1. Tell me which residues, restricted to segment 29-44, are modelled with pLDDT under 90 and part of a strand (DSSP E or B).
2. Of all the residues that make up segment 120-137, how many are closer than 10 Å to Ala221 by Cβ and either part of a strand (DSSP E or B) or in contact with a helix residue (DSSP H, G or I) (Cβ under 6 Å, 6 or more places away or on another chain) (or both)?
3. What number of residues within segment 205-232 are within 23 Å of Phe48 (Cβ to Cβ) and either acidic (Asp, Glu) or in a helix (DSSP H, G or I) (or both)?
4. Pairs only if they're at least six apart or on different chains, beta carbon under 8 angstrom, first in segment 206-232 and closer than 16 Å to Arg68 by Cα, second in a strand (DSSP E or B) and modelled with pLDDT under 95; list them, first residue then second.
5. Can you tell me which of Met229, Met209, Met179 is more than 29 Å from Ile111 (Cα to Cα) and either more than 17 Å from the chain's Cα centre (by Cα) or modelled with pLDDT of 95 or more (or both)?
6. So, Phe152, is that one hydrophobic (A, V, I, L, M, F, W, C), over 26 Å from Lys50 (Cα atoms), in the same structural domain as Thr244 (by TED's automatic domain parsing) and in contact with a strand residue (DSSP E or B) (Cβ under 6 Å, 6 or more places away or on another chain) or not?
7. Could you list all residues from segment 60-115 that are assigned to a loop (DSSP other than H, G, I, E, B) and of a type in the set (Phe, Trp, Tyr)?
8. Regarding segment 56-70, can at least one residue be identified that is at pLDDT 90 or above, more than 19 Å from Thr211 (Cα to Cα) and surrounded by fewer than 17 Cβ atoms within 10 Å (Cβ to Cβ)?
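The values are calculated or read from the model by the stated rules, or taken from the named source; none is laboratory data. Quick caveat, the model's predicted, so the values are computed rather than measured. Backbone-built Cβ (ideal geometry, glycine too); neighbour counts: all protein chains shown.
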Amino acid sequence: MIESIFNYVQDELTEMMGSAFLIRKKEPLSGGCINHAFRIETTKGDFFLKWNFSCPDDLFVREAESLRELKQTVGRELYVPEVILAKEGDELSGFILMEYLERGHAARQEIRLGQGLAHLHRTKKGNYGFEHDNFCGETLQQNEWNESWIDFFAENRLRFLIGLIQNSRPFSSADLEVMENLIDRLPLLIPENPGASLIHGDLWSGNYMYTSQGPALIDPASYYAHREMELSIMQMFGGFSPKTWSAYQEAFPLEKGWEERVLIYQIYHILNHYCLFGGAYGQQAISLAKRFI
């Protein structure tokens with residue numbers, strides 16, 4: 001199957017470029033927890049190829065949309081890899097082909113990362129959502145536009161995700177009541193219209209890298225949201241230096257109470273981990289929700 005993907009890429013790129021495109025070397029890469037990846041050396045340069053035999057058919061097409069939205073929006077502080085080709089799954093695995101990014105030194109890039117995220121979050125739309133549904137990991141995100149952030153977070157994020165969870169590893173009625181009580185209290189906990197910022201959407205430490213072209217964003221699940229939604233997952237697992245946080249705050253100061261609100265937004269990401277991996281994440285989300293009801 002993998003050779004079929006290489007052959008498909010070679011044929012498609014030959015047609016796109018109008019001249020022979022030959023793959024000379026294939027180097028498997030590690031580090032992903034869901035997908036498979038290769039660095040491929042070709043007659044037209046090096047590329048990054050990622051695929052998955054068992055993912056949703058449109059996962060990589062949706063990822064490509066996020067990357068392109070980010071690329072046309074980020075300023076000079078950040079870099080987003082160019083998407084060369086993205087394909088839906090059919091009899092052949094879905095995949096995405098991008099430019100290959102060479103790793104660089106972290107020196108001074110921590111500040112640029114913070115400044116770049118602040119610039120990104122200043123990109124606004126009138127409503128919350130995205131042009132298409134997409135995926136956080138392999139979990140479907142419902143991105144239908146909504147003028148209310150409270151309604152979007154309640155319906156498109158919490159209730160929609162809880163519905164997915166109930167299909168695979170259901171919560172008890174008591175746990176569901178906790179989540180409903182939290183949703184009912186959201187108007188008292190988060191703002192109605194804080195501004196719809198473009199966010200990466202899944203920005204943990206594994207989804208950015210320091211490259212020869214600057215700090216780069218990879219593997220996004222983008223949509224327009226309250227910018228503190230981005231900060232919530234950034235804080236969950238660490239991996240962002242104090243210099244990054246300071247640079248962000250200096251460039252785009254956060255509003256009072258953000259430390260508490262990001263904990264509320266973390267509930268979505270913890271629920272997503274429960275949806276994907278099971279284990280103790282479910283009760284972690286319930287325990288955190290109880291703090292706010």
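1. Passing the criteria: Leu29, His36.
2. First pass over segment 120-137, keeping only residues closer than 10 Å to Ala221 by Cβ: 130, 134-137.
Still in the list and also either part of a strand (DSSP E or B) or in contact with a helix residue (DSSP H, G or I) (Cβ under 6 Å, 6 or more places away or on another chain) (or both): 134-137.
Matching residues across segment 120-137 total 4.
3. Of the residues in that region, 4 qualify.
4. Here the result reads Tyr224/Lys124; Tyr224/Lys125, each pair linking segment 206-232 to a residue that is in a strand (DSSP E or B) and modelled with pLDDT under 95.
5. None of the other options fit; the residue is Met179.
6. So Phe152 fits the description; yes.
7. Within segment 60-115, Tyr100 is the sole residue that qualifies.
8. yes
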